[in-house]
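Shown next, in structure tokens, is the structure this report addresses.
The values are calculated or read from the model by the stated rules, or taken from the named source; none is laboratory data. Not measured: the values here are computed from a predicted model. Don't worry about glycine lacking a Cβ; one is built from the backbone with ideal geometry, like all the others, and counts go over all protein chains shown. When the accessible area is computed, the model is the full protein with side chains, heavy atoms only, and any ligands, DNA or RNA have been set aside. Shrake-Rupley method; radii C 1.70, N 1.55, O 1.52, S 1.80 Å.
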Amino acid sequence: MSLVITMNLDALPRVTCPNHPDAILVEDYRAGDMICPECGLVVGDRVIDVGSEWRTFSNDKATKDPSRVGDSQNPLLSDGDLSTMIGKGTGAASFDEFGNSKYHNRRTMSSSDRAMMNAFKEITTMADRINLPRNIVDRTNNLFKQVYEQKSLKGRANDAIASACLYIACRQEGVPRTFKEICAVSRISKKEIGRCFKLILKALETSVDLITTGDFMSRFCSNLCLPKQVQMAATHIARKAVELDLVPGRSPISVAAAAIYMASQASAEKRTQKEIGDIAGVADVTIRQSYRLIYPRAPDLFPSDFKFDTPVDKLPQL
């Protein structure tokens, strides 16, 4: 085994492979080794695992908690959330002469950490309901911690701040969700989430990319069980409508819904305004308004290789 530690003034000591110093080492927690993926050299051993430790004994019951040292370390909390819970005593040594327990759990977590823990649990619950990956949850937790420590949104409910942070994280990670989708998995109104969203952007001096019709198209079409050809046509229609300035002032979500309606009506897989509205979270009248704006230029909006089941001149005029 060979070990090389490189130092520089701006960084902490870093363990590297002597033959491949730029390779990202693989950590094998089961064996406690750090391995170079290029040559397989074990560069370092005795890696410390900060995750939960588990035990399994033959006489343990299924109802027992097998975790011996608590949850894994949480760097977002002030003390890393490293705590030990004392179990209920069973022997004579656990009680004093009056029958009272000698050892007690004290609540060592601060009120701020407790509030953040509750918010993190709420964020995880909301993300699970709409199938968001772990990186979105981590970014949301970091955003919430920054806002909470700045105390710039005093008087706002933590649930509202958490919902707004989740909305921002989705947009920053390139998988935006609508306000209505976030509202549906939280207990906060759409208006309150919108207010917190603006205040957080101002407080953190950050920004989010503008949403486009393409951000929602694949998800909406997938939920509507539309084939790839219809999705590609709807994407083309929405993009051309924006380029030709046919939908000034309309939200990307309503334009996407109208484009899906037009593409589906021209194909064999037709969908009603209500079906599309339920998936996109927009009203039927909103879809009709956007559809009327793009209908006069319908022949120019479809891709050249689109196979029509219903000719353009036979599309609904609404």
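Scanning the range 269-282 for residues that are in a helix (DSSP H, G or I) and not hydrophobic (A, V, I, L, M, F, W, C), we see that the one that is surrounded by the most Cβ atoms within 10 Å (Cβ to Cβ) is Q273.
Pairing residues of the range 184-213 that are farther than 14 Å from Y167 by Cβ with residues that are part of a loop (DSSP other than H, G, I, E, B) and polar (S, T, N, Q), at Cβ distances under 7 Å and at least 6 apart in sequence or on separate chains, gives A203/S152. Suppose the filter is open to solvent by less than 10 Å² (accessible area, probe 1.4 Å) and in contact with an Asp or Glu (Cβ under 6 Å, 6 or more places away or on another chain); does A234 pass it? When the stated conditions are applied, A234 does not pass them.
Counting only strands (runs of 3 or more DSSP E) that fall entirely inside the range 1-47 and contain at least 1 residues that are modelled with pLDDT under 60 and out of contact with any strand residue (DSSP E or B) (no Cβ under 6 Å at 6 or more places or on another chain), the qualifying elements are 4-8, 11-16. For the range 196-229, a residue qualifies if it is of a type in the set (D, E, K, R), surrounded by fewer than 19 Cβ atoms within 10 Å (Cβ to Cβ) and touching a helix residue (DSSP H, G or I) at 6+ places or on another chain (Cβ under 8 Å), and exactly one does: D209. Among the residues of the range 287-297, the one identified as surrounded by fewer than 18 Cβ atoms within 10 Å (Cβ to Cβ) and within 11 Å of K240 (Cα to Cα) is R297. Filtered by the rule that a residue be among the charged types (D, E, K, R), surrounded by 15 or more Cβ atoms within 10 Å (Cβ to Cβ) and not in a helix (DSSP H, G or I), the range 240-268 gives a lone residue, R250. Residues of the range 304-318 that are open to solvent by 100 Å² or more (accessible area, probe 1.4 Å) and not in a loop (DSSP other than H, G, I, E, B): D313, K314.
Figure legend. Inter-residue proximity from the range 293-318: first residues farther than 8 Å from A266 by Cβ, second residues of a type in the set (K, R) and surrounded by 13 or more Cβ atoms within 10 Å (Cβ to Cβ), beta-carbon distance below 6 Å, spacing 6+ or different chains. Indicated pairs: L301/K240; L318/R288.
Return yes when K151 is more than 14 Å from the chain's Cα centre (by Cα), closer than 14 Å to M126 by Cα, open to solvent by 10 Å² or more (accessible area, probe 1.4 Å) and of a type in the set (D, E, K, R) and no when it is not. Against the criterion (more than 14 Å from the chain's Cα centre (by Cα), closer than 14 Å to M126 by Cα, open to solvent by 10 Å² or more (accessible area, probe 1.4 Å) and of a type in the set (D, E, K, R)), K151 does not qualify.
Scanning the range 115-136 for residues that are without any contact (Cβ under 8 Å) to a residue 40 or more places away in the chain and crowded, with 19+ Cβ neighbours inside 10 Å yields a total of 2.
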